[in-house]
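S.K.: Can you read through this structure? Questions will come right after.
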Amino acid sequence: MSKPTLYTFAASVWAAAAELAVAELLPAGIVDVKVVNLLEGENFDPKFIKLNPNGTLPTLEADGKTYTSTKDVIQHIIKLSGKDVKAGSSLIDRIHEHNLDPNFALLLSRSEDERRAKADGIVGAFLAGRQGALEKFSKTPEGTGLKDFYEPRLKGNGDLHAIYQNKASEEEKKKFFAHSNEHYDAIAAFIHDELPKHLPESGFIGGSTPGEDDLHLGAWLARIATTNGATSGDNGLAAFEKAYGKSLPPKVATYWNTWSSHSVFKKVYAEGTH
């Protein structure tokens, strides 16, 4: 039987969740890893869409099947491990909800100054790379039969790209800033008011080792910390405090320290949080 293959990318928030699961639960070398470069839009290649119709990461091929959602990928990694891992709760679905989307947390801008800064950085490059890939692959012979996939993404990414290129109207930018502020505030409220109710006084939700909830939440928190200025586990708390103007709730701060000091977290985020 062939090895499982995990499709991943170093800057992907949800691919990192799968990488945390692999590093935590499986022996080294038991899974082959293939990189799909999201910055260059390789996930929009018709060949990858054939593998995962959503064009998303992580994607896992194992036991003759393909797992195409973060939840399914992590659950199968747990199954492969044969270990007794605490099953997930409603928290997993909650942090995958649209209004807590960690990807939009990276792409949002709450003001014109933030828009200008991000346009010249990784966000501008990311959107440009996606748009170029979408336009290229949608015109290939294989891509012409995938209009239902490409057309909404060409428009959605194109509209966002236009904002960062400063080609959108002032009214469109105003709406985008308002939506960005709503998203930012929703995440802040979740972290301060709702998340502590899910967390233990110490350790992981899964106990002394990460459970299914933890594998999702650890990656989600790492991305949110990064959007608030963190570059590593060590400066995550300071980044949160600076961004929100107050300390994290004690349970959240303790949980962050539990994850950021964990060897698996240090391995997956060895080059910095993302």
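S.K.: Does segment 128-135 contain at least one residue that is out of contact with any Pro (no Cβ under 9 Å at 6 or more places or on another chain) and among the charged types (D, E, K, R)?
M.R.: Scanning segment 128-135 turns up at least one residue that is out of contact with any Pro (no Cβ under 9 Å at 6 or more places or on another chain) and among the charged types (D, E, K, R).
S.K.: Between Q75, Q131, which is modelled with pLDDT of 95 or more, among the polar types (S, T, N, Q), under 21 Å from A10 (Cα atoms) and touching a His at 6+ places or on another chain (Cβ under 6 Å)?
M.R.: Matching residue, one of Q75, Q131: Q131.
S.K.: Please specify each residue of segment 221-274 satisfying the condition of being free of Cβ contacts under 8 Å to residues at least 60 places away in the same chain, closer than 18 Å to D101 by Cβ and among the polar types (S, T, N, Q).
M.R.: N228, T273
S.K.: What number of residues in segment 77-93 are touching a residue at least 40 places away in the same chain (Cβ under 8 Å) and of a type outside the set (V, I, T)?
M.R.: Count: 8.
S.K.: Which one of the conditions (1) more than 30 Å from R115 (Cβ to Cβ); (2) assigned to a loop (DSSP other than H, G, I, E, B) does T273 fail to meet, given that it meets all the rest?
M.R.: (1)
S.K.: Let me ask something additional. Being among the charged types (D, E, K, R) and under 18 Å from the mean Cα position of the chain (by Cα) is the filter here; which residues of segment 30-55 pass it?
M.R.: K34, E40, E42
S.K.: Looking at segment 85-113, which of its residues are surrounded by fewer than 17 Cβ atoms within 10 Å (Cβ to Cβ), within 21 Å of the chain's Cα centre (by Cα) and under 21 Å from A178 (Cα atoms)?
M.R.: The answer is E97, H98, N99, N103.
S.K.: Return the residues of segment 159-175 that are hydroxyl-bearing (S, T, Y) and without any contact (Cβ under 8 Å) to a residue 24 or more places away in the chain; say none if nothing qualifies.
M.R.: S169
S.K.: Could you tell me which residue of segment 120-148 is nearest to the chain's Cα centre (by Cα), considering only residues that are outside any helix (DSSP H, G or I) and in contact (Cβ under 8 Å) with a residue 24 or more places away in the chain?
M.R.: Once the filter is applied, the top-ranked residue is L146.
The values are calculated or read from the model by the stated rules, or taken from the named source; none is laboratory data. Predicted model, so just to flag it, every value in this text is computed and none were measured. We place every Cβ from the backbone using ideal geometry, glycine too, and count neighbours over all the protein chains shown.
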